[in-house]
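**Q** Encoded as structure tokens, here's the structure I'll be asking about.
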Amino acid sequence: MSKLILKNINGDNVGDYDISADLLETSKGNQAVHEAVISFQAHQRAGTASTLSKSNVAGSGKKPWKQKGLGRARAGYKQSPIWRGGSVAHGPHPRTYKKKVSKKVAKLAFKRAFSAKISQNEVILLEELVLNSPKTKEFVSIISNLELSRSVLVIVDTPSENLLLASRNVPRIEIVSAKLLNTYQLLKYNMIVITKTAMTELEKRLI
């Protein structure tokens, strides 16, 4: 069993939170994490790069000039990739870069990444995160009270409009709901702040 210190928005300790050992995984899953991250990054690629092959370039099949006697290099067609305005040899075409990861592997990767953050003391549990207004100053004040100066991932149950508006101009900060959190986000940020209600939702995903 692991313990997390429960804090309020003023940075004061208000109690402890126990995480069952059954929800954590530290002995295996490194390969699963690698596969999950590669899959996530591959899914971000648009795959829309497109070049014209020989059949797509306008032009007839007529030979530009005769084969011999002119002192020039022989040429067979105007669409040649060595000519300006010609085709592109072995160029990219629209494709999908998606890599499939099984649900079992994805779950293990998520569990392993979260467990690593817990073991490295890079998780702060927050009693609640409610902003009275969409003021960046108010949000930055909370981050300052928690003594966070590096990149931070804030995990909440359901992001409020005030929270999204107040945090959108703060660099190296991302707000995400517990249901949409992925392995890549867990690894990307130095520190993780989780609200108590979001932690309950996360535990359901770790079972």
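**Q** Evaluate the range 16-27: report whether one residue or more is in a strand (DSSP E or B), open to solvent by less than 40 Å² (accessible area, probe 1.4 Å) and either polar (S, T, N, Q) or in contact with a Leu (Cβ under 7 Å, 6 or more places away or on another chain) (or both).
**A** yes
**Q** I've got another one for you. Examine the range 161-177 for a residue that is of a type in the set (A, V, I, L, M), surrounded by 19 or more Cβ atoms within 10 Å (Cβ to Cβ) and free of Cβ contacts under 8 Å to residues at least 24 places away in the same chain, and state whether such a residue exists.
**A** Among the residues of the range 161-177, at least one is of a type in the set (A, V, I, L, M), surrounded by 19 or more Cβ atoms within 10 Å (Cβ to Cβ) and free of Cβ contacts under 8 Å to residues at least 24 places away in the same chain, which makes the answer yes.
**Q** Can you confirm whether Gly61 is of a type outside the set (Ser, Thr, Tyr), surrounded by fewer than 13 Cβ atoms within 10 Å (Cβ to Cβ), out of contact with any Asp or Glu (no Cβ under 7 Å at 6 or more places or on another chain) and at pLDDT below 95?
**A** Against the criterion (of a type outside the set (Ser, Thr, Tyr), surrounded by fewer than 13 Cβ atoms within 10 Å (Cβ to Cβ), out of contact with any Asp or Glu (no Cβ under 7 Å at 6 or more places or on another chain) and at pLDDT below 95), Gly61 qualifies.
**Q** Among the listed residues Ala46, Ala106, which satisfies the condition of being small (Gly, Ala, Ser), in contact (Cβ under 8 Å) with a residue 60 or more places away in the chain and within 30 Å of Gln185 (Cα to Cα)?
**A** Ala106
The values are calculated or read from the model by the stated rules, or taken from the named source; none is laboratory data. Just so it is clear, the model here is predicted, and its values are computed rather than measured. All Cβ positions, glycine included, derive from the backbone under ideal geometry; neighbour counts span all protein chains shown. For the accessible areas, the whole protein counts, side chains as well, though only heavy atoms, and no ligand, DNA or RNA atoms are used. Shrake-Rupley method; radii C 1.70, N 1.55, O 1.52, S 1.80 Å.
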